[in-house]
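Read-outs throughout are calculated quantities, based only on the coordinates presented, and are distinct from any laboratory measurement. Keep in mind that what you see is a predicted model, and the values were worked out from it rather than measured. Note that we place each Cβ from the backbone using ideal geometry, even for glycine, and neighbour counts take in every protein chain shown.
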Amino acid sequence: MKHGLLLGVLMGLFFITVSADKAFAQDKDLYSFNVEEFEKKSWEWSGEFRLLGTNKTYNKNSVLHPLKFPDDEIDQSQEVELQLYLESRWDWDWSRFFVSGEASVIRSSLEENDDETSFLSEGYLQLNLFDPQSFEIGKRLLRWGKGYAFNPVALMERVKNPEDPEASREGLWITQGILIPGGFSIFENTSVTLVYLPIREEINEDYQTRYEYDNVWGMKLYGLIGTTDFDLYLVEWTETSETDLGIDFATNITPSFEVHGELAVFDTTESTEQQTLIGLRYLTENEITLIVEGFNDSSGLTYNESKELYQLIEVSPADKAKPYLSQIQQKKTLNRNYGYLKISIKEPFDWLYFTPSFTWLGNLDDRSSSNALQLVYAPSDNLSYQLVLQYLEGEKYSQFGENTVKNKVELSASYDF
Amino acid sequence: MISIINKNIRKSVKVITFFIISIIPLTLMAQQTPQEWLETIDRNLNPPQYESYRKLINIEPDGSKKEFVLFTLKQGKDNVVALFLSPASEKGRATLRVGENMWLYIPNVGRPLRITSLQSVTGGVFNNSDILRVDYQAEYDALSIKETEEKNPSGKKLLQLDLKAKTGAVAYDKLEMAIDPDLQSPLKIRAIASSGMLIKTIYFKNIKDFGEGIKRPSVVETDSPLYKGYQSIIIFAKIKPRTLAPEVFTTDYMNRIESLR
C-alpha cells in the first residue's frame, strides 16, 4: 500500500512537470528555426530518467520457488524502481571521449528484492587522426550481428536477454581499430574491424567465467553487395585454443521485407558447437511490423536433459540443488530451439503516439513460452509511458513453466533530457 | 571588287555566326528535354556535395506538434546521412541511405538496422525516402514535360514534369512535378501510387539565397489524403557545399557523424 501510494504520487508529479514542457512547445512560431541553438559544443551530456512500478505474481508450483523463498509462502511482490541513465562526450580536434552509465534503486515489498546497482556501460577514447579510420580504447559494447532477439555472432560481448533484447548491457574493456577501405569491385562498401580483449584478474574477469586469463583477438570483415550486408567474423582465444567463426547477412527482398541470418561455430579442443539464427522483418501496408526469428544452439540441453535437471532440483535439499540451479541459469537460453515473434502496430484507430505490441518467446523443445503485451504512449517529444503485461506458461519441468515469476505487470514513465 | 565582295561575305558570316551563337541557349532552353529539366531541378535543389541543418515538424489534427532537428550530409546522386540533434529522446540517432539501402543507427541498440523507404523514422507524413531525399534522377525517369494553365507571379505558365519510378523499390510510382520556369524549381509535387491513388502532395515554399550559388526553397511542406488533418514541414538552414570522403556514407561511420559538424 505504502509503495502504491508513493508510486502514484511520483507518477502524478512526473506527468504534470513534463506536460508543461509540451504546452510551451506549442506556442512557438511555426517557421522559426534558430539553428545557432544547435551549434556543436565540445562537451555535451544527456540522459534518461525512468520510474517503474512492478507487480510480480510468483509461481508457487515451481520447483525453484522453495529455493528463492525457503521460509515463506510468498506469492506476490510489489516493486518501485528508479533508473537514471547518463551519457557524456567530449570532442576535440580528432579525438572523442565518451562515457555512459546507469544507476538504479529498487525498493520492494519483499526486503530480499531491494537492490541498488550502478555500472559503467561504456567509457572509451576514440582517435580519428586518420579519419575515416579510427582507433578506440576503453570499455565498449560491440553489438555484432543482425538479429533482434538473438545474436549468435556476438562473439565478444555479453549475451543479450531474448526476453528483453533492448535492455542495457555492460561493455567490455577492449582496444579496437576500424578501417574503412570503402567500395571496390562488387562491394559498394567495406570495412575491417580488429579487436583485442584481455581477460585478467581485474579486467573483464566476469566475462566468460570459465577463463581466468586469456588474450582474445577478433576480426570482423564487412561488405555491402547490392542490397545485402555481409559480415565475416573470426575470434581467437589464444591461451585456451578456442576458435570462433561467424557469418551474418541482412537484405531487403522488397522495400518492406527484410531477411537476416547468423551462423557461429565455436571450435574448442573438446568440442565443436554451433548457433544458428534466421529471421525476418515485415512491414504491412497498414504499418504493422512483424519480427520473426528462429534460433538453434547445438550446445543447449535436450528436453529430457532439462527435465531431469528440474526433477533433481525438486528432490534435492537446497544446498545440493544449487549446482543444478546454476546450470539452468548460466545461459540466457536453456534448450536448443527457440522461436521469437513480435507484432507491433503503429497508432491503431488513429490514437496518436500509441504503439501496442505483442511478443512471444517460445522454447520449442519443451513448448513453454513467455508472452508479453506492451503498450507505449509517447505524448510529447521526450516523455513516454509504458505498460507491460507478461505471462509465462508451460508444463511442469519446462523452462517458462518453472520460472519463479508466473506473471508481471509493469508500468513505467521515462523522460529524456 | 572581289575583295569588297569577300569582305561583305566575311561580314555576313560573322553576323550570322553571332546570331546563331546568340540564339543557341534560347533554343536549347525552349527544347530542353524532360531528362534535362530533371537534372536542372536536382542541381538547383541540391549542390553535388553539401551539408545542411533541417527542422522537421509534424503537426497533428489537434494542433500539437513534434519537432526534430537533423544535421544532413549528401554526396553524389544517392548518398545521404542524417544525424538527429533534437529532441533529447532521439539525439545521436543517425539514418544512412546508399541508393536503395537505408539503415537506422540507434545509440542504445548500437548497430545499424535496415529500414525501408516506406517507414518513417520521425512519424508524420514524411516517410524515410522524403527525409533521406536523394536526387530525383537517381530514382525516376523523366517521361514528359508540358505547360499547365497555372501561372507563376510573373504570368508565365507553370510546367508539369511527369516522372516514373525506375524500379518497384521506389516509394512512389509516379511524380507530377509543377515547375516554375523562372526559378527552375518545383513548386508542388504530387506523389502517386501505381494504383493511381494520390499518396501525398509536397509543396516547396520560401525561396532563399543560402549563398555560394545555392538558391532554393527553404520550406518543404506535405499533406496527404491518407492522413487527413496531418501536416509535416521541413525547414532548411545553413546549406553549404562540402567535400566529403565516400567512406562517410558507410554503416561503420554512422556513430561518428557528429564529428563532422
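Gap in Å between the Cα centre of the range B:222-261 and the Cα centre of the range B:142-162?
For the range B:142-162 versus the range B:222-261, the Cα centre distance is 29 Å.
If you take every residue apart from A:Phe266 with its C-beta less than 9 Å away from the C-beta of A:Phe266, what net charge results, scoring Lys and Arg +1 and Asp and Glu -1?
Here the count lands on -4.
Within a Cβ distance under 12 Å of A:Gly223, other residues only, what is the Lys/Arg minus Asp/Glu net charge?
After counting each charged neighbour, the total is -4.
I need the semi-axes of the equivalent ellipsoid of the range B:34-260: take the C-alpha gyration tensor, multiply each eigenvalue by 5, square-root it, list largest first in whole angstrom.
Each semi-axis is √(5λ); the values are 27, 20, 18 Å.
What share of Cα pairs, in percent, lie more than 37 angstrom apart in the protein assembly as shown?
46
Report, by chain and number, residues whose modeled amide H sits under 5 Å from the one on A:Leu301, excluding near sequence neighbours (fewer than 5 apart, same chain).
Those qualifying (amide H under 5 Å, at least 5 residues apart or on another chain) are A:Asn335, A:Arg336.
Could you tell me the relative contact order of chain A? Use alpha-carbon pairs under 8 Å, at least six residues apart, and round to a whole percent.
Working: 972 pairs, mean separation 53.1, N = 417.
Computed value for chain A: 13 percent relative contact order.
Where does each of A:His260, A:His65 land when they are ranked from fewest to most other beta-carbon atoms within 10 angstrom?
Fewest-to-most ranking of A:His260, A:His65: A:His65, A:His260.
I need the per residue convex hull volume for the range B:125-175, using only the alpha carbons, in cubic angstrom as a whole number.
So the per-residue Cα hull volume is 113 Å³.
Please give the length that would be gained between A:Leu389 and A:Ile328 if that part of the chain were fully extended, namely 0.36 nm times their separation in residues minus their C-alpha to C-alpha distance (nm, one decimal).
19.5 nm
Can you list residues whose amide H is under 5 Å from A:Glu242's amide H, if they're 5+ apart or on another chain and H is modeled 1.01 Å from N?
For A:Glu242, the qualifying residues are A:Trp237.
Spelling out what I want: for every residue of the range A:372-385, take phi, set θ = phi - 60°, compute 6.51 cos²θ - 1.76 cosθ + 1.60 (Karplus), and round to whole Hz; glycine and proline get x.
Coupling constants for the range A:372-385: 9, 9, 10, 10, 10, 10, 10, x, 9, 3, 10, 10, 8, 10 Hz.
Please list, in chain and number order, the residues 5+ apart from B:Lys188 or on another chain whose amide H is under 5 Å from its amide H, with Hs placed from the backbone.
Under 5 Å from the amide H of B:Lys188: B:Ala178, B:Phe204.
So what's the back-of-envelope 222 nm ellipticity for chain B, counting only DSSP H runs of four-plus at -39500 (n - 2.57) apiece and dividing by all residues, rounded to 500?
Values: 4 runs with 49 residues, N = 261.
Mean residue ellipticity, 222 nm, calculated: -6000 deg cm²/dmol.
Which net charge results when you count Lys and Arg as +1 and Asp and Glu as -1 among the other residues whose beta-carbon is under 13 Å from that of A:Asn55?
Summing Lys/Arg as +1 and Asp/Glu as -1 gives -1.
Using Cα pairs closer than 8 Å and at least 6 residues apart in sequence, work out the relative contact order for the range B:34-260, in percent.
Dividing the mean separation by the residue count of the range B:34-260 yields 22 percent.
Which of the GluC sites (Glu not before Pro) found in the range A:243-316 are loop residues per DSSP with 11 or fewer other Cβ atoms within 10 Å of their Cβ?
Qualifying residues, ordered by number: A:Glu270, A:Glu285.
What is the spin-label model distance, in nm, from A:Phe249 to A:Glu202 if the labels are put 7 Å beyond Cα along the C-beta direction?
According to this spin-label approximation, the distance is 4.7 nm.
Relative to the longest principal axis of chain B, what angle (0 to 90°, nearest 10) does the C-alpha long axis of helix B:2-30 take?
Compared with the principal axis, the helix lies near 20 degrees.
Please determine, in degrees from 0 to 90 and to the nearest 10, the orientation of helix B:34-45 with respect to the longest principal axis defined by the Cα atoms of chain B, where the helix direction is its Cα long axis.
Result, in degrees: 60.
Scanning chain A for helices, which whole DSSP H stretches are 30 Å or more long along the axis (Cα) and average -1.0 or more by Kyte-Doolittle?
Working: long enough: A:2-26 (37 Å, 1.08).
Counting only whole DSSP H runs, the qualifying helices are A:2-26.
Restricting to Cα pairs below 8 Å that are 6+ residues apart, what does the relative contact order work out to for the range A:218-267? Please round to a whole percent.
Normalised by residue count, the contact order of the range A:218-267 is 29 percent.
Per residue of B:187-200, how many C-beta atoms from partner chains lie within 10 Å of its own C-beta, taken as a mean? Mind showing how you got there, number by number?
Working: counts 0, 0, 0, 0, 0, 0, 0, 0, 0, 0, 0, 0, 0, 0.
Mean shielding count: 0.
Show that you can apply the helix-only estimate: for chain A, add -39,500 (n - 2.57) for every DSSP H stretch of four or more residues, divide by all residues, and state [θ] at 222 nm to the nearest 500.
Working: 4 runs with 54 residues, N = 417.
Result for chain A: -4000 deg cm²/dmol, rounded to the nearest 500.
Once phi is turned into θ = phi - 60°, what whole-Hz ³J(HN,Hα) does the Karplus curve with 6.51, -1.76 and 1.60 give for every residue of the range B:247-261, x standing for Gly and Pro?
Result, ordered by residue: 5, 4, 9, 10, 4, 6, 9, 4, 7, 10, 4, 3, 5, 8, 6 Hz.
If you count, for every residue in A:138-148, the Cβ atoms of partner chains within 10 Å of its Cβ, what is the mean?
What the average comes to for A:138-148 is 2.
Between A:Glu285 and A:Tyr31, what is the label-point separation in nm under the 7 Å Cα-to-beta-carbon projection?
Simple spin-label model gives 3.7 nm for this pair.
Using a ≥ b ≥ c from the Cα gyration tensor of the range A:166-306 (square roots of the eigenvalues), is it rounded, prolate or oblate, where a/c under 1.5 gives rounded and otherwise the larger of a/b and b/c decides, a/b for prolate?
Working: a/c = 2.02, a/b = 1.33, b/c = 1.51.
Oblate, since a/c reaches 1.5 and b/c is not below a/b.
Roughly what would the spin-label model give for A:Glu170 and A:Glu39, points 7 Å off Cα along C-beta, in nm?
4.1
Residues of the range A:281-323 with backbone nitrogen within less than 14 Å of a virtual label 7 Å along the Cα-to-Cβ line of A:Leu67, please, listed as ranges.
A:306-323
Please turn the phi angles of the range B:99-109 into ³J(HN,Hα) values with the Karplus equation 6.51 cos²θ - 1.76 cosθ + 1.60 (θ = phi - 60°), one per residue in order, whole Hz, x for glycine and proline.
Working through the residues one at a time gives x, 7, 8, 9, 10, 10, 10, 10, x, 5, 6 Hz.
Compute, for the range B:34-260, the length of the dipole vector about the Cα centre, with Cβ point charges of +1 (Lys, Arg) and -1 (Asp, Glu) only. Units Debye, rounded to 20. If you can, show how the numbers build up before the last one.
Numbers: 32 positive and 29 negative charges, 90 e Å.
In total the dipole reaches around 440 debye.
Starting from the range A:326-405, pick out the GluC sites (Glu not before Pro) whose DSSP state is loop and whose Cβ has at most 14 other Cβ atoms within 10 Å.
Loop-located and lightly packed - A:Glu395.
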